[in-house]
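A short worksheet on the structure shown next.
The values are calculated or read from the model by the stated rules, or taken from the named source; none is laboratory data. Just so we're clear, the structure is a prediction, and the values are computed from it rather than from any experiment. Because the Cβ atoms are built from the backbone with ideal geometry, glycine has one as well, and the counts that use them run over all protein chains shown.
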Amino acid sequence: MEPVALAVDKLKDFVKSSQDFVDGFIHRRDNPARRNPIEILRRLQREAFTDLMKLRDRQEKVERILSFYKTSKGSPFQEASTHVRGEFDLLGALLVMDNVDKQNCNAFSRAGITTGIDSRFTFETTISQGESLTAEFVASQKGNRYLDEVSGQPLSLEKVSYRVNACDWLSVVAIPVGAQSRDVAITSVSSHQAKGLTKLSSLGPPLLNQHKGSGIGLSVRKSNVIASLAQFISGLGMQPDADSAGHCFSTFGQVVCQLPRGIKLSLLGLHQVPKSLSQHVSLGPLTIPVVLSKHPTAPETVVEASSSAIRTSTPENFSSGSVALMLESELDEVTRIGGWIEMHRSNPKCLHWAVSMSDDSEDSFGWGLSLSGIHGGPTSEEHFQAESYLKLNLGKRFSLKPGIAYIAAGNARMPALILRSNWSL
């Protein structure tokens, strides 16, 4: 029986293998591409070629768009390089005085307490690496010299500046509108980021804060010495009843020496030369008249019909200026102490001075203390004031400064409670 069973098994295996061979041959004839490796490679090549052509078309479109914006003056991402900063400053004061008279009002004005609301918006655009264009818009409602006079100023353009950092040791700035000596000076406090409560104790020597109209300046840095030089031109302020007007050319210079232990010693100077005109004329902003004639014209004589008074006006050129010395020191990362003194060329006995110490920590608590005054002023009255305040940081963008000030000018004695708040965005 065993040979018979063995023969039957072999017959079954032969039949099964024959059937598999026939089935494979039939399917290969029905769809030869599924079994032929060459056909499979050709099909994959065609699909890959189609995908590559689609990607190439998309790449060409992107390259055309980028090349268009590179050759054009604008940039599709220009808004990403413009930074906008806003700052709102409010200052209020409670004065204690025996009488509201002219003497007390003059002392209040010289103290630099400008109550009211001040808002500032700064647009800074980065043109390229080391080049920036800045525009500042300001709106304010500040008190004038006398307590009952308040002036409101709508949002207007205050300053336009273009700065170029040519290299590590040279930088140039051009300011066609709203130039000040502070824009070129090397200081740790800007004009709209005062540390104290009043202008007299916060903004440094007065020569830094005078409006100069238009100007251009440069700064050079070498080791631990920094030098700055600038030239300004501005309209010469005239009284309402004046018959002549002109321009004022000013030259500003500063040398800063970096001493050990974080001490900075600065020497500043400002020289002014007014250029008057024989008639009251207005040539418009950014206009500089150049007089070619070496000999001035004959004085103009005006005869009024109601009287026989004769009024003449002749050109007058006189120079003035001031010199200041500043000293700043950093006791630690947040505590700073500094002082300055300024002397006027027209009156060497007139000295402006201030000494301050502050803690500008970004934590919830800070403080400040300052002493300032004017010695030998135009009215020959001594002016002295002391200030002290606390700084409460309510978040990263809002701060409160409650403080007290004491003002002594001549016979006027005036304590004041001052509250200053600052909000930035």
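Structural remarks
- Among the residues of this structure, Ile404 does not count as one that is surrounded by 16 or more Cβ atoms within 10 Å (Cβ to Cβ) and among the β-branched types (Val, Ile, Thr).
- Subset of segment 337-360 [over 18 Å from Ala409 (Cα atoms) and not in a strand (DSSP E or B)]: Arg345, Ser346, Asn347, Pro348, Asp360
- Within segment 80-95, the set of residues being over 21 Å from Lys199 (Cβ atoms) and either acidic (Asp, Glu) or part of a strand (DSSP E or B) (or both) comprises Thr82, His83, Val84, Arg85, Gly86.
- Hey, Ser399 surrounded by 20 or more Cβ atoms within 10 Å (Cβ to Cβ), hydroxyl-bearing (Ser, Thr, Tyr) and either within 27 Å of the chain's Cα centre (by Cα) or in the same structural domain as Leu200 (by TED's automatic domain parsing) (or both) or not: no
- Residue within segment 350-365 that is at pLDDT 85 or above, surrounded by 15 or more Cβ atoms within 10 Å (Cβ to Cβ), farther than 17 Å from Phe108 by Cβ and of a type in the set (Ser, Thr, Tyr) present: yes
- For the condition surrounded by 15 or more Cβ atoms within 10 Å (Cβ to Cβ) and touching a Leu at 6+ places or on another chain (Cβ under 6 Å), Ala386 qualifies.
- Selection of segment 413-424 for residues being over 16 Å from Ser372 (Cα atoms) and in contact with an Asp or Glu (Cβ under 9 Å, 6 or more places away or on another chain) yields Ile418, Arg420, Ser421, Asn422, Trp423, Ser424.
- Every residue from segment 96-118 that is part of a helix (DSSP H, G or I) and without any contact (Cβ under 8 Å) to a residue 60 or more places away in the chain: Lys102, Cys105, Ser109
- If you filter segment 315-331 down to residues that are of a type in the set (Asp, Glu) and at pLDDT 80 or above, you find that the one that is nearest to the chain's Cα centre (by Cα) is Glu328.
- Segment 204-249: number of residues that are part of a loop (DSSP other than H, G, I, E, B) and modelled with pLDDT of 70 or more: 6
- Thr301, sole failed condition from (1) surrounded by 10 or more Cβ atoms within 10 Å (Cβ to Cβ); (2) at pLDDT below 70; (3) part of a strand (DSSP E or B); (4) not basic (Lys, Arg): (1)
- Selection of first residues in segment 123-138 that are under 19 Å from Leu155 (Cβ atoms) and of second residues that are acidic (Asp, Glu), restricted to Cβ pairs under 7 Å at least 6 apart or on distinct chains, gives the following pairs, ordered by first then second residue: Thr134/Glu124; Glu136/Glu158; Phe137/Glu158; Val138/Glu158.
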